[in-house]
Every structure is written in structure tokens, then in C-alpha cells.
Amino acid sequence: MSGKSFAVIGLGQFGMTLAKELANADYDVLAIDDKDENIQEIADTVTYAVRADVREPGILKSLGVQNVDVAIIAVAENMEASITATMQVDLGVPLVLAKAMNSLHGRILEKIGADQVIYPERSMGIRVARNFTASGFEDVFELSTEFSMAEFRIPGEWVGKSLSEIRLREQHHINMVAVKHGDSVNVNLNPAEKLEAGCILVAVGKNEDLNKFRKPL
């Protein structure tokens, strides 16, 4: 493998989605699962897709998993497979992430070598928020899987215009809830008041609509 490389071990819904997203982002991905149908589904997307039972001693080393930069153990439902895989990849992979079913499972994974334990359902909101922030927002707070509250710098074309002129709800499908100037926050918005350069706008809306206002990276 060349460049940044990942191994995704376990192709349930979480692992399958993760492997495909990483591959689509042009990372090298080694996908491993014990089901033929899962391997067939992802074979054309990832760099390598291999059918293997991770409970077999030494199997991951024989597949070259120790050569990747990040290994993600996504076989949480089978605790034996989860623990065995985590122990195997801890022998050479710089960063090991392991999916856990619960806190007890997570503590076990940490003790046997996982650098980070993943609780997908619990951390979904955090990941969404970080993705928004990394994409160019000043800050973001997830309200649900579909809606968020985001802070972004006023676009240049809005400077000197009022909220009523911009028509955020009608044209952009978002609702402005506050305007920030440094440490000052105004939540009693006057639709006729002109917006100033450099201010931070706080808006609520669907993620897909808010994402249009992220600043370029």
C-alpha cells in the first residue's frame, strides 16, 4: 500500500460504510470480513478485500495488517473476534481503533491494546460536529442527525445588508438566531438592521443547507 493506509476489520453496517468512505476519499483500504457477500460487495471499491476469520491466530499478520497506518476493528457484536483481532493488530499497527458494544467491552479493548474505543451510536453527534468544524465553520452544535446550529463568518456579499434583504429563510432555508461581534452576542435580531463586516452569524437549519456557508479550506 502507498500513502495513508487503513485496515477495516469487520464489514457490518458500520465497517462497510467506513471502508467505503475511506476508499472514496482516496485512502488505501484493506477490508477484511468472514462473509463472502460482504467481500463481494466492497471488492471493487477498496484497495484489497479479503475473506478471513480474524479469530484464527496469526491471520491478520499473514494478511499484512501490521503494515497499515490505522487499523479499525469493527466486529463488536462478536466479542471473541473483537478481542482476538485487537490483540493481533496491537503488535505492529501505529493506531488501533476498536468498536465496542458497551463500556465493559470498551474497557477490555483498551486494556488489550486499543488506542481508541469507538461507540458509533454515542459518538455520532460528535463526529458530525467535528466534520462541520473541519469543513470551515467557526463552530457547530448538532441538534439531530439532520439539523444543526452553526456559526460562520458573514459572507462578503451580505455586508451592509439586513436580514430582511437577505431573505435567509426563503432563499437559503436557514433561520438566523444570533449575531456575534467579538464577545458580544445579539439574540434580539432586528430584521432591518444592517449586518457588519467581520461578524459571526449563528443559524439553525438542515445540515445540507448550512454546509453551503462553510468557508473554503
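The values are calculated or read from the model by the stated rules, or taken from the named source; none is laboratory data. Note that the structure is predicted; figures quoted are calculated from it, not measured. Methodologically, a virtual Cβ is constructed for each residue, glycine included, from the backbone with ideal geometry; neighbour enumeration extends over all protein chains shown. Just so you know, the surface numbers come from the protein's heavy atoms only, side chains and all, with ligands and any DNA or RNA stripped out. Shrake-Rupley method; radii C 1.70, N 1.55, O 1.52, S 1.80 Å.
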(request) Return the aspartates and glutamates within reach of K111: Cα separation strictly under 13 angstrom, same-chain partners fewer than 8 residues apart disregarded; answer none if there are no such residues. (result) D90
(request) Could you check how much of the accessible area of the range 142-202 is carbon and sulfur, as a whole percent, using a 1.4 Å probe? (result) 48
(request) With 30 Å as the limit, write out which pairs from K61/K99; K99/K212; K4/K180 have Cα-Cα distances beyond it, or answer none. (result) K99/K212; K4/K180
(request) Restrict the search to the range 24-117; then list the GluC sites (Glu not before Pro) that DSSP places in a loop and that have at most 10 other Cβ atoms within 10 Å of their Cβ. (result) none
(request) Could you work out how far helix 13-24 tilts from the main Cα principal axis of the chain, as a 0 to 90 degree angle to the nearest 10? (result) 70
(message) If you count only protein heavy atoms with a 1.4 Å probe, what accessible area per residue comes out for the chain, rounded to a whole Å²?
(response) 56
(message) If amide hydrogens are placed 1.01 Å from N in the peptide plane, which non-local residues have theirs closer than 5 Å to the one on D69?
(response) S5, F6
